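Read the figures in this text as sums done on the coordinates, not as results from a lab. Just so it is clear, the structure is predicted and the values come from calculations on it, not from any experiment. Neighbour counts run over all protein chains shown; Cβ positions are idealised from the backbone, glycine included.
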Amino acid sequence: MRAFDNTPLARDGKVLILAYDHGLEHGPVDFEDVPESANPEHVFDVATHPAVTTVAVQKGIAEAYYPSYEDDVNLLAKLNGTSNLWMGEPDSAVNCSVDYAADIGACAVGFTLYGGSNHEIEMAEEFREVQERAREHDLPVVMWAYPRGQGLKNDTKPDVIAYAARQALELGADIAKVKYPGRAGMEKAVRMAGKTRVVMSGGSKRSDREFLENVKAAIDAGGVGLAVGRNVFQRENPRRILDGLEQVIYEEASVDTALAAMDR
C-alpha cells in the first residue's frame, strides 16, 4: 500500500471523487434531466469545487478535455468500462493502460472488478497487471468493487459488500468503492478492508437530506469519503450539494449544518 494521505487523491485524509464515466457505462439517459451535464466541460467546471479531490473519466474524455483543466482539477483515469448495450454476464473492457494514464496526467487510476461474475478470474488477472504497473508509476489504485453476476442473488447485502471490500484489500487496491450497505454494513466493510480505504458509491439521485444522511453515516462508520456522479451532476445546481458534502466529509459536520451551509 502506498502513502494515501500524501497523494492528490486525498484532502486531509478524505476523498471526494467526482465520477463521470456514466456516458460509457449508462449512456445518454443519465444526462436527460440536466442536458448540460452531457457536456464534459460543464462537469470539469463543477470539479473545480474545492470539495472535489479528483474527477474520474474514461480515456477519451481525459484526452479531449483534461488539458484545459489540468491546473485546477486532479485526474483519475478509469481504465476499464463497458456500455449498457452489453447484455452478457458482467464484464468490463480494459480501455486504457496505466502507462497511458500516467502520460496524460492522471494522479490515480480506477478499475472495476465484478466479483462473482463468470468473468471474475480474467478481471482479477487484469487488475493484477494494472495494480503492479500503477506501483511503478506511484499511482494509487481505486477499485470499483462491485459484486455482480448470475450467481449472486443479492449484490447489495452487507456480507457481500464486506466481501467486495476484502477482495479489494487482498488484491492490493488503495481504495475500495462500494455500494452503501447501511451504517452497520459499512462498518463491517471498513473492518474487512483493513488498510484499504473505503468510499461510498453515490448511486442514483436522491433528495439532499437522504443523500447527505447516507454520506454522513458512511463517514461515521469509518469510510474516508465518496465517489459520486449522478447525485452531483444531475442537480440543477451541483455546486450547492458539493457545499454540503464539503461540510459532511471534511468538517464531519451534521446534516443540518451541511444543509444550512448549502443555503447560505
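The table below gives the values:
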| item | result |
| --- | --- |
| Three principal axis lengths of the stretch 60-130 [C-alpha, angstrom, descending] | 41, 27, 15 |
| Loop-resident sites, the stretch 113-193, for trypsin sites (Lys or Arg not before Pro), counting at most 15 other Cβ within 10 Å (DSSP) | Lys153 |
| With at most 15 other Cβ atoms within 10 Å, longest stretch of the chain clear of loop GluC sites (Glu not before Pro) (DSSP) | 71-235 |
| Cut-off under 5 Å, modelled amide H: who pairs with Gly225 long-range | Val15, Met200 |
| Shape category assigned to the stretch 162-264 from the gyration tensor of Cα positions, a/c cut at 1.5 | prolate |
| Descending semi-axes in Å of the stretch 120-199, equivalent ellipsoid built from Cα gyration tensor | 22, 15, 8 |
| Kirkwood hydrodynamic radius of the stretch 4-236, from inverse mean 1/r over distinct Cα pairs, in Å | 17.5 Å |
| For the stretch 1-102, projected area of the alpha-carbon convex hull averaged over all directions, nm² | 7.7 nm² |
| Greater than 23 Å apart at Cα, pairs in Lys153/Lys195; Lys78/Lys179; Lys78/Lys188 | Lys153/Lys195; Lys78/Lys188 |
